[in-house]
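*Asks:* The structure under discussion is supplied below as structure tokens; questions concerning it will follow.
The values are calculated or read from the model by the stated rules, or taken from the named source; none is laboratory data. What you are looking at is a predicted structure, and each value in this text was computed from that prediction instead of being measured. As a convention, Cβ positions derive from the backbone with ideal geometry for all residues, glycine included, and neighbour counts pool all protein chains shown.
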Amino acid sequence: MTFYDEIIGLQNTDYSDAFELVTASQIANILAKAELQPQDFLALLSPQAAFSLEEMAQAGHRLTLQHFGRTIMLYTPLYLSNYCVNHCVYCGFNATNDIPRRKLTLAEVELEAKAIAATGLQHLLILTGESRQQSPVSYIKDCVAVLRKYFSSISIEIYPLSTEEYAELIATGVDGLTIYQEVYDAKIYSHLHPKGPKRDYRFRLEAPERAGQAGMRVINIGALLGLGEWRSEVFLAGMHLAYLQKQFPEIEISISFPRMRPQFGNYQPEFPVSDRDLVQSILALRLFLPRVGITISTRESSELRDNLIRLGVTKMSAGSSTAIGGHTDAPDSIGQFEISDKRSVEEMRQTIATLGYKPVLKDWHDLNLGGEVDNAKVSIS
Amino acid sequence: MEDKLYIAGRQVDSRLFIGTGKFADYNLIPAVIKASKAQVVTVALRRVDFGTPEENMLKYLPPDIILMPNTSGARNAAEAIRIARIARETGCGDWVKIEVISDQKYLLPDNFETVKAIEVLAKEGFVVLPYMSPDLMAAKRMAEAGAAAIMPLGSPIGTNRGIKTRELIQILISEINLPIIVDAGIGRPSEAAEAMEMGAAAVLVNTAIATAENPVLMAEAFGQAVEAGRKAYLSGPGSTQRVAEASSPLTGFLRKE
Amino acid sequence: MQVKINGAVAEIPDNHSIDDLLLARKLPRDIVIIELNGEIIKRENWESLKLNPSDSLEIIRIIGGG
Ligand code: SF4
């Protein structure tokens, strides 16, 4: 049994019908409950629940305080390579896009690492496009070996791997995995991924489980909002999270809410998601799974992000660049998507503090690898 | 509404399981089973005592019930396995309640030895229902080892103190994909109803019925309490109120759109 | 000869079978289970199987229990 078996059943449901049937008194009852069931979560994603958004916000705010305190974890992405063999219709790095392709040399990786570490950040997310030829697992391992001198936690957001490959990377010093299913609706998925290994819906869907079996410490999943009908997409992503949480109680599970931004290639989201919809998604998820981390990236505007801090978000990226070498020398190279919140790490730290929260730059230190982190090179808050 | 309990693929019609220990007189047992409507009934094994006349306890049990011998007296996995195998030889069927107690002071079950016993017995085709201390990780190991249901204690055996382990049992109910049957500690019908309202699949009651002034009437009361609790659970109680504290609006910024 | 029954030493006639023993002790056949030297003995063998000196026998029955 994997989540694939579960989602086959879930995809047979007619969600639009289910959403229509939700009543105001049902929402009121759900908001009074101590623990929510999947059908409650579904109801909170309905149009009816949107009328109770403020009540959901109050409850979500309280639950987040209860489980996470007033803290926001900060991390930043580091793009290693934009080579990609996939044809994801919505992505700027898509193989058919004629953009300059590049991958960082180890020396460049080190320069980027120094620049990022100087901001005080200790949690890093490294990304590549999907090209086993240009950025094989061995290349990722080499990069991690360099990076772990500068960072206490390294997550990967790369093509899906086998259990053994995940285990290899963990042994090198990777402790987190981010992988988005992009869209849970299998039909839309197949339509948006016309070519390349990413066509394999199941292999991607089961990647978090493989990483879990390999012993990954943190797993972050998500649906790219805008690709499918958001209510059912968020529901399925939430069910995926619940499945992982149950299957791997030892893993820190979290979810991102990436929303489609305009980018090179001009894909316009077919199912636009408003700020209100995004807030409802985050809150429904928070009420359903009070203990999971919720991540919001710099795709969103600074105003929205500041408001989301009190609505259940626990992790944020800061000082981001989605371009290869973007932290050092290449301000004009093309990124995977456009950054909206362009504030520096220092500005983010100040804003978070002003809002009454504590910015957390480091919440993990692996004692097995820790001896190699050179603290002299980094400033720790 | 269709609401059936299945254990190892077998339909069980009553969510009240009863034990047959501590009855003043075996003659009460048929009436107790009838009044409670219980279908699963536990028995135990003992060495024959040559001093007292032996009675065939099985003749007091109606033929259509599911017999569940327990392994009481076992102090480790090996003894529990041995008792289970002997029990099967009596023709009681394949169901067995694993009970391994190495602590004679509080009579708390030994979860580690219990896991070991389940591993062996499940492979031999037993339908294994382990009595255990409610611990999530132990319950997971038991599920992996092949348990057919998990039977956490509400409070120590025979204490009639009610569901003191409530929070821990609630976690098992949420996290374990097997029927959770609250065993031991339930002293009153209201506590049986409480377990059922929490979402337990069934409860096992022995002492509270056997030692009641009128065991038959008490058995009936337990039967009704279990049904009432189950119905309450199915009807989706409003649950504990999350007390709302007034604070400044958190979504006001959205109105600008 | 001497055998052990339920942990206690007992004196029984030579060539006694399990059935003989049960009869002598007035134990109805259908309510007990026999374990001989740690092995369960099927009912159909109770008549033919003769006990040997220093055998260890467990005679077990079902009682009420929770
Ligand atoms: S989304 Fe990832 S896999 Fe798809 S084209 Fe972009 S970089 Fe490649």
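*Asks:* So which residues in region B:23-42 are among the polar types (S, T, N, Q) and touching a Ser or Thr at 6+ places or on another chain (Cβ under 9 Å), if there are any at all?
*Replies:* Residues satisfying the conditions are B:Ser36, B:Gln39, B:Thr42.
The rows are residues; the columns are (1) over 24 Å from A:Ile7 (Cβ atoms); (2) modelled with pLDDT of 95 or more; (3) more than 16 Å from the ligand (Cβ to nearest atom).
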residue: A:Leu125; (1), (2), (3): yes, yes, no
residue: A:Val144; (1), (2), (3): yes, yes, yes
residue: A:Glu164; (1), (2), (3): yes, yes, yes
residue: A:Thr178; (1), (2), (3): no, yes, no
residue: A:Val183; (1), (2), (3): no, yes, no
residue: A:Gln213; (1), (2), (3): no, yes, yes
residue: A:Ala223; (1), (2), (3): no, yes, no
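*Asks:* Can you pull out the residues in region B:7-33 that are touching a residue at least 40 places away in the same chain (Cβ under 8 Å) and either away from every other protein chain (no Cβ under 12 Å) or in a helix (DSSP H, G or I) (or both)?
*Replies:* Of everything in region B:7-33, those that are touching a residue at least 40 places away in the same chain (Cβ under 8 Å) and either away from every other protein chain (no Cβ under 12 Å) or in a helix (DSSP H, G or I) (or both) turn out to be B:Ile7, B:Ala8, B:Arg10, B:Val12, B:Ser14, B:Arg15, B:Leu16, B:Leu28, B:Ala31, B:Val32, B:Ile33.
*Asks:* Could you run through region A:75-122 and say how many residues are in contact (Cβ under 8 Å) with a residue 40 or more places away in the chain and either within 15 Å of the ligand (Cβ to nearest atom) or in a loop (DSSP other than H, G, I, E, B) (or both)?
*Replies:* Going through region A:75-122 one residue at a time, the tally reaches 30.
*Asks:* For region C:42-51, check the following and say yes or no: at least one residue is crowded, with 19+ Cβ neighbours inside 10 Å, of a type in the set (D, E, K, R) and more than 9 Å from the chain's Cα centre (by Cα).
*Replies:* Within region C:42-51, none of the residues are crowded, with 19+ Cβ neighbours inside 10 Å, of a type in the set (D, E, K, R) and more than 9 Å from the chain's Cα centre (by Cα).
*Asks:* Let me ask you something else. Inspect region B:58-65 for any residue being modelled with pLDDT of 90 or more, touching a Lys or Arg at 6+ places or on another chain (Cβ under 9 Å), part of a loop (DSSP other than H, G, I, E, B) and surrounded by fewer than 19 Cβ atoms within 10 Å (Cβ to Cβ) and give the result as yes or no.
*Replies:* no
*Asks:* At least 3 residues that are surrounded by 18 or more Cβ atoms within 10 Å (Cβ to Cβ) in each: list the helices (runs of 4 or more DSSP H) lying fully within region A:174-244 that qualify.
*Replies:* A:201-205, A:207-214
*Asks:* Exactly one of (1) away from chain C (no Cβ under 12 Å); (2) farther than 20 Å from B:Asp183 by Cα is unmet by B:Gly91. Its number?
*Replies:* (1)
*Asks:* Let me ask you something else. Buried (at least 16 other Cβ atoms within 10 Å of the Cβ) and within 8 Å of another protein chain (Cβ to nearest Cβ): is that true of C:Ile34 in this structure?
*Replies:* Criteria not met by C:Ile34.
*Asks:* Just give me the residues in region A:259-285 being away from chain B (no Cβ under 12 Å) and within 21 Å of A:Ile72 (Cβ to Cβ), in sequence order.
*Replies:* Result: A:Arg259, A:Ser281, A:Ala284, A:Leu285.
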